[in-house]
Each structure stands twice: as C-alpha cells, then as structure tokens.
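A.B. asks: One structure coming up, written as structure tokens, with questions to follow.
The values are calculated or read from the model by the stated rules, or taken from the named source; none is laboratory data. This one's a predicted model, so the numbers in the text were calculated from it and none came from an experiment. All Cβ positions, glycine included, derive from the backbone under ideal geometry; neighbour counts span all protein chains shown.
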Amino acid sequence: MKTNIHTRKLVQSLDKTKLPIWKRISKELQKPTRSLCAVNITKLNKCVREGETAVVPGKVLSVGELSKNITVAAFQFSDKAREKINVKGKTISIEELLKNNPKGSKVRIIQ
C-alpha cells in the first residue's frame, strides 16, 4: 500500500469507476515508486496522435520536443517537461482528466 495520501486518494477515485482504462491506470499507480514509468516527450510525440490525450502513470521527462497539439495527463512532470509541453499542448493531472473525461474517450496510456 502506498503511504503518500495523494496517491491513495487518486487510486481510490480511479477504482470507483468501472471502466477498464481507469482500473489499469490505478493498477500501475499501485506499483512501488521505483517501478513507475518515466516517459520522455520524444515518446509522447511519436505515440500520440494530434488531438488525443496521453496518460502517463509515472513521470514525464523533458528529453525531446513536442510538435503536436496534445493533452498530457501524468502523475508527475519535471519542470522543463511541463514548460515544453505547454508551448504546443496542455498539461493536466490525472484527477483533472478523470473529472473532465470520465468515459476515457480518446485517451492513450503511455508507458
């Protein structure tokens, strides 16, 4: 069980939904901290289409440039990654994404 209260509340709110996409993200966030994924902007640019939302159940790092207008929701962002993404796209938290898009449409999980 995670000791961070923020993580526990996020996992609880994700588990309340019945959709498989949110269950999968919840499962990923329950892994040990050292096992959470780290994704670079280069991978986001390659794997996500224009207008989609990428969910990273880990940390987004700043290597690379973003050339598409996408929304990125992640558990954590490095400061430089947040700056680079906000130039072309938008950064939000996973909680905001769950509130704004409860059905999970046009969402792609990137690990």
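A.B. asks: Can you name the residue in the range 25-37 that is loosely packed, with under 14 Cβ neighbours inside 10 Å and not polar (S, T, N, Q) and, of all such residues, is nearest to A73 (Cα to Cα)?
C.D. replies: Top of the filtered list is K27.
A.B. asks: Let me ask you something else. K43 is checked against (1) modelled with pLDDT of 95 or more; (2) under 12 Å from the mean Cα position of the chain (by Cα); (3) not polar (S, T, N, Q) and fails just one. What number does that condition carry?
C.D. replies: In the conditions (1) modelled with pLDDT of 95 or more; (2) under 12 Å from the mean Cα position of the chain (by Cα); (3) not polar (S, T, N, Q), K43 misses (2) alone.
A.B. asks: Something else about it: Restricting attention to the range 96-109, report how many residues are out of contact with any Leu (no Cβ under 6 Å at 6 or more places or on another chain) and either in contact (Cβ under 8 Å) with a residue 60 or more places away in the chain or among the charged types (D, E, K, R) (or both).
C.D. replies: Qualifying residue count for the region: 9.
A.B. asks: Failed condition for F77, given (1) touching a helix residue (DSSP H, G or I) at 6+ places or on another chain (Cβ under 9 Å); (2) surrounded by 15 or more Cβ atoms within 10 Å (Cβ to Cβ); (3) in contact (Cβ under 8 Å) with a residue 24 or more places away in the chain, with all others met?
C.D. replies: That leaves (3) as the condition not met.
A.B. asks: Can we say V56 is assigned to a strand (DSSP E or B), out of contact with any His (no Cβ under 7 Å at 6 or more places or on another chain) and either surrounded by 13 or more Cβ atoms within 10 Å (Cβ to Cβ) or in contact (Cβ under 8 Å) with a residue 12 or more places away in the chain (or both)?
C.D. replies: Yes.
A.B. asks: Hey, could you check the range 1-40 for residues that are assigned to a loop (DSSP other than H, G, I, E, B) and hydrophobic (A, V, I, L, M, F, W, C) and say which is farthest from the chain's Cα centre (by Cα)?
C.D. replies: By that ranking, first place goes to M1.
A.B. asks: Show the residue pairs that are 6+ apart or on different chains and have beta-carbon atoms under 8 Å apart, the first residue being within the range 9-30 and under 16 Å from T53 (Cβ atoms) and touching a residue at least 40 places away in the same chain (Cβ under 8 Å), the second being among the polar types (S, T, N, Q) and crowded, with 16+ Cβ neighbours inside 10 Å.
C.D. replies: Once the first residue is under 16 Å from T53 (Cβ atoms) and touching a residue at least 40 places away in the same chain (Cβ under 8 Å) and sits in the range 9-30, its partners that are among the polar types (S, T, N, Q) and crowded, with 16+ Cβ neighbours inside 10 Å give L14/S26.
A.B. asks: Going by the conditions given, is V72 part of a strand (DSSP E or B), crowded, with 19+ Cβ neighbours inside 10 Å and touching a Gly at 6+ places or on another chain (Cβ under 7 Å)?
C.D. replies: In short, yes.
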